[in-house]
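Notes to accompany the following structure.
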Amino acid sequence: MGSVIDAENQAALYASVVLYAASDSALVKGAITDEEGRFSINTVPKGSYFLGVSYVGFASYTSSVFSFNETNYDCGEILLEVANTELTEVTIAAERPIMEVRSDMVVLNVDKTVNAVGENALNLLRKSPGVMVDNNENVTLMGKTGVQVYIDGKPSPMGAADLAAYLKTIPSEQIDAIEIISNPSAKYDAEGNAGIINIRLKKDTNLGGNANLSLGFSQGEVPQYNGSITANYRNKKLNIFGNYSYFDGENTNFFNIRRVQTAGVFDGGSVSNNTWQGHGFKFGTDFYLDNKNTIGFMVNGNITDWTNSSLGTTVIESAVQDTILRAENDSDGDNSNYNFNVNYRFDDKKGNVINIDGDYGQYRSDALDFQNNFYTNPSGNTTYRSPFYVYEPPTDIDIWTFKIDYEKPLFGGKIETGIKTAFVNTDNTFDAYDVVDGVKFLDINRSNNFVYKENVNAAYAKFSTKIEKWGYQAGLRVEQTNSEGILTSMVDIDDDKVKRNYVDYFPSAGLSYQLNDKNSFQLSYSRRINRPSYQDLNPFEDQLDELTFQKGNPFLRPEYTNNIQLNHTFMYALNTTLSFSRTKDVITAITDTLRGDASFLTSLNIDQQRHYSINIASPVPINDWWSAYISLSGYRIENEAMIDGKSVSIAANTFNIYSQHSIKLPADFTFEISGWYNSSSIWGGTFITDPMWSMDAGVQKRLFAGKGNLKLSVSDIFKTQVWSGISNFGDLYMETSGGWDSRRFKVNFSYMFGNDKVKSRRRSTGLEDEKNRIKSDN
């Protein structure tokens, strides 16, 4: 092991390190430095060796010969000198694979994929192996809910809907890679039962300045536009970075639902059109006080204005009278999200690292919803009644976090420890109005205010080491939670305050074994928590029409999962993973009946869920011009519960396939085709979903000596991204289906100005875990 730094005492990112045998200079093994310039070469037999290090723009380095006796050998800090040879023309091709399979994660290198053109972060998750995004834009991993989504290593405080809205504002051109971590260690926040998906944004390398301009257009049934500019300047003491993005577009959706319940049969469908215009931004500075100390400031956020209009028709068949319900919904609103971070980092380049973050996050959502309902006879020429409603549901969320992380070499290994505290305050108002002859009257029975406050204090410790072929890591995270939800209404209600205080322990452990140069094994365990989103705790009723609505549940409890996972890696490529998890108090969406004629969607805790899975994934280098990646996953889900005397016991065997092929063509063209298939599965607590599949294709061309890039692609070529499912729970039988404007032609052009090797410091902040629990309404 060791580290590599450049002439400016900065970490050499992705430097090539090669170990040679001293006897005949034969190549023994290679490695690539990480973001801190560190490298490690494992399973090396006894003998004499020397190291060779190469890095773009610097002179090659060759070490002196040293002896290795199958114990840890520290090569120390390797300093590279600036190359003094004039280069007339040099072409360097350092290709990363589209997919990297590692023992602790799977990495999708987005920047290498043609089919990422014109996409956003949410759509890219649909294409990631083992990841599913359902009809409500909830993200699941290997069939499990409770996924924690990180941006640049930091957890987000958003729930499903708001997270989806936020991910749509991140264009693919700003994304470097997506990391899928199925069994995180104690160092990570315990939030997220299914694991962590880390979206890593692009960063550059070396001194100087640059800017990258990207323009995109997408056309399906309706158009979408996006553009972004990213800039970075760095000298020996200062780094300034920032980006700005603009997005403008619309989308169409359809939704069908057939309900059979006590009052009759309700057969309906709706079509909707959504529009959005928004801005995203990030600005930050890093001050390099010396080669060990750095202080940084960063602000980022996004602002979105949106509208939604839908028209739904429901045919009501009852023993009394057949009726048609036509519901017209029009909404407009705006969301804003601002995050502020101050960071201090100490790194002595010998393994002693201190990282301190202070964060403040602010989320605001305002909306105005109009809903007109018309009940007519089957022919539509007689209107029985036409209730008209207006809703105003503003939401304010404020988050403060502070955390300290510390790393230190100890006893031949490394100890990591840290503390974190987070304070969250959410203020949700729901004002419902009846409109009569154009005049609004406040409905005091449905209007209220819900304030939720939460404080989570955490501490963790983790130790890892390697002895010969064995690797060990063990950790413990402790989290204390204090929460209070207060519901204020104009009428007397029961249970208007919910207060909780509890302490949880989250152990984790891992054992790895390097059998030989081709085979490695890893066994890991972790216990994790999934807390309810802030809006899911809010007991407001949100109507889709008079007969269909959803509401929150202030009595939702956190769900807890124990995960165990066995992993085998062959030839550092073929990765096989077996896992089992058991979740208690599973938070799940349940659709039930009310008054005999209405149905509603809410979240409840069910008793338990058992989850068994197997995943086989590998990059496949067919030849020097054709590379492929394939992922096969199979899992079994078993839900068990007793809700209001109604038994829920559902099991499903599910599998999915993902494959991507990249073909290099003459004249600097690259062609790519990818596709996925998901078999029947379980959604929520009671829905059995039907199979679903899709295929994409695209081509890219590098222009202007590699500084420009033109990409053309088509998503969902056969327009098969249509979901459907059946639920049979209690007195309610439901058939649902829906889809969106998923087949789209996309074109994107990007151009890099200035030095394309400018290094910026990638930083995570402390409030990401809390941000992931925010939801939005659009």
Per the list (1) surrounded by 14 or more Cβ atoms within 10 Å (Cβ to Cβ); (2) assigned to a strand (DSSP E or B); (3) modelled with pLDDT under 90; (4) hydroxyl-bearing (S, T, Y), residue check on T488 breaks on (1)
**Asked** Do we have any residue at all in region 397-417 that's surrounded by fewer than 19 Cβ atoms within 10 Å (Cβ to Cβ), touching a Phe, Trp or Tyr at 6+ places or on another chain (Cβ under 7 Å) and charged (D, E, K, R)?
**Response** no
Note: among A474, A458, just one is closer than 30 Å to S365 by Cα, among the small types (G, A, S) and in a strand (DSSP E or B), namely A458
Restricted to region 609-662 and to residues being out of contact with any Ser or Thr (no Cβ under 9 Å at 6 or more places or on another chain) and acidic (D, E), the residue modelled with the lowest pLDDT is D644
Return a yes/no flag: does region 301-310 have any residue that is of a type in the set (D, E, K, R), buried (at least 20 other Cβ atoms within 10 Å of the Cβ), at negative phi and part of a strand (DSSP E or B).
no
Within region 656-675, restricting to residues that are aromatic (F, W, Y) and surrounded by fewer than 20 Cβ atoms within 10 Å (Cβ to Cβ), the one that is farthest from S715 (Cα to Cα) is F669
Taking Y233 as the residue in question, decide whether it is modelled with pLDDT of 90 or more and touching a strand residue (DSSP E or B) at 6+ places or on another chain (Cβ under 8 Å). no
The condition of being in contact (Cβ under 8 Å) with a residue 12 or more places away in the chain, out of contact with any Leu (no Cβ under 8 Å at 6 or more places or on another chain) and either buried (at least 20 other Cβ atoms within 10 Å of the Cβ) or assigned to a strand (DSSP E or B) (or both) holds, among Y344, Y360, only for Y344
Going through region 228-281 in order, the residues found to be in contact (Cβ under 8 Å) with a residue 40 or more places away in the chain and of a type in the set (V, I, T) are T230, I240, T252, I257, V260, T262, V265, V271
If we keep only residues of region 1-28 that are farther than 29 Å from F287 by Cα and modelled with pLDDT under 70, then the residue surrounded by the fewest Cβ atoms within 10 Å (Cβ to Cβ) is D24
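The values are calculated or read from the model by the stated rules, or taken from the named source; none is laboratory data. The model shown is predicted, which means the values in this text are computed figures rather than measured ones. Ideal geometry is used to build each Cβ from the backbone, glycine not excepted, and the neighbour counts take in all protein chains shown.
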